[in-house]
Amino acid sequence: MFVWSFLSWAVLPVHVHSFNYTPKQDSVMKMLDMALPASGAYMLPNVDNRNVESVNSAYMKAMDQNEKDMIGKSNAIIFYTKQTPAMDPMQIVKGLLIDLFAVMGAAIILALAEDKLRTFFMRFWIVLLIGFIVALNSYMLDLNWMGFPWHFIKRELVDVFMEWGLVGLWLAWYLKPAKA
């Protein structure tokens, strides 16, 4: 899983077009630096939620009006960082640990269902099904609710199915059921 992720982002051309380029990026960044108060996630346009403590009728009314006002206009979801840090080596360690826990979860599922998963094919498909669930409950929801562009989502889906497919092949081979 970790190796595929590295290959996908650093070696293979899978993500070359995940993010679009704009020749006006310098002026856009200057404007964002002036307009955005801090690092964070922003949705534009949005209701002023800086002092909202709970979802109440006034907030819901403002959200409904904002949704109506947005129709036919441009919008943006921005993940903004005031100062980009150098890559921290701990990111590699954390990424490896996250992948390790994901694979451990799949291995536990296979171990718990060992008596039902007698064939290589069934073990492989169960792990691939985990990837399918991950894809549906993450990237496909982003496509549906947040309007993430398909050119971005499809590359993420390639990663999910390659990662879980490779893990599925390995676990299906490695976790053979005990002989009766």
(request) Express in Å², to the nearest 10, the accessible area of residue 6 obtained by rolling a 1.4 Å probe over the protein heavy atoms while all chains stay in place. (result) 120 Å²
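Calculate, in nm to one decimal, what residue 31 and residue 93 gain on full extension: separation in residues at 0.36 nm each, minus their alpha carbon distance.
On the way: separation 62, 0.36 × 62 = 22.32 nm, distance 3.46 nm.
Full extension from residue 31 to residue 93 adds 18.9 nm.
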(request) Once you've got the GNM for the chain with C-alpha springs shorter than 10 Å, pick whichever of 123, 50, 155 has the biggest mean-square fluctuation. (result) 50
(message) Cross-link candidates for residue 154: which aspartates and glutamates have Cα within less than 13 Å, leaving aside residues fewer than 8 places away along the same chain?
(response) 142
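Exposed loop sites here are GluC sites (Glu not before Pro) in DSSP loop states with at most 16 other C-beta atoms within 10 Å. What is the longest stretch of the chain lacking them?
Working: sites that count: 53, 114.
Formally, the longest exposed-site-free interval is 115-180.
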(message) What number comes out for accessible area per residue over the chain if the probe is 1.4 Å? Units Å², please.
(response) 74 Å²
(message) Please list, by residue number, everything in the stretch 154-174 whose backbone N is under 18 Å from a paramagnetic label point 7 Å out along Cα→Cβ of residue 7.
(response) 155-174
(message) Tell me the net charge near residue 139. Cut-off is 14 Å between Cβ atoms, residue 139 excluded, with +1 for each Lys or Arg and -1 for each Asp or Glu.
(response) -2
(message) Under 28 Å between alpha carbons, and skipping anything fewer than 8 positions from residue 116 in its own chain: which lysines qualify?
(response) 176, 179
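The values are calculated or read from the model by the stated rules, or taken from the named source; none is laboratory data. Note that the structure is a prediction, hence the values are computed from the model and not measured. Here the Cβ is made from the backbone with ideal geometry for all residues, glycine too, and neighbour counts use every protein chain on show. Ligands, DNA and RNA are stripped out before the accessible areas are found, and what is left, the full protein with its side chains, is counted by its heavy atoms. Shrake-Rupley method; radii C 1.70, N 1.55, O 1.52, S 1.80 Å.
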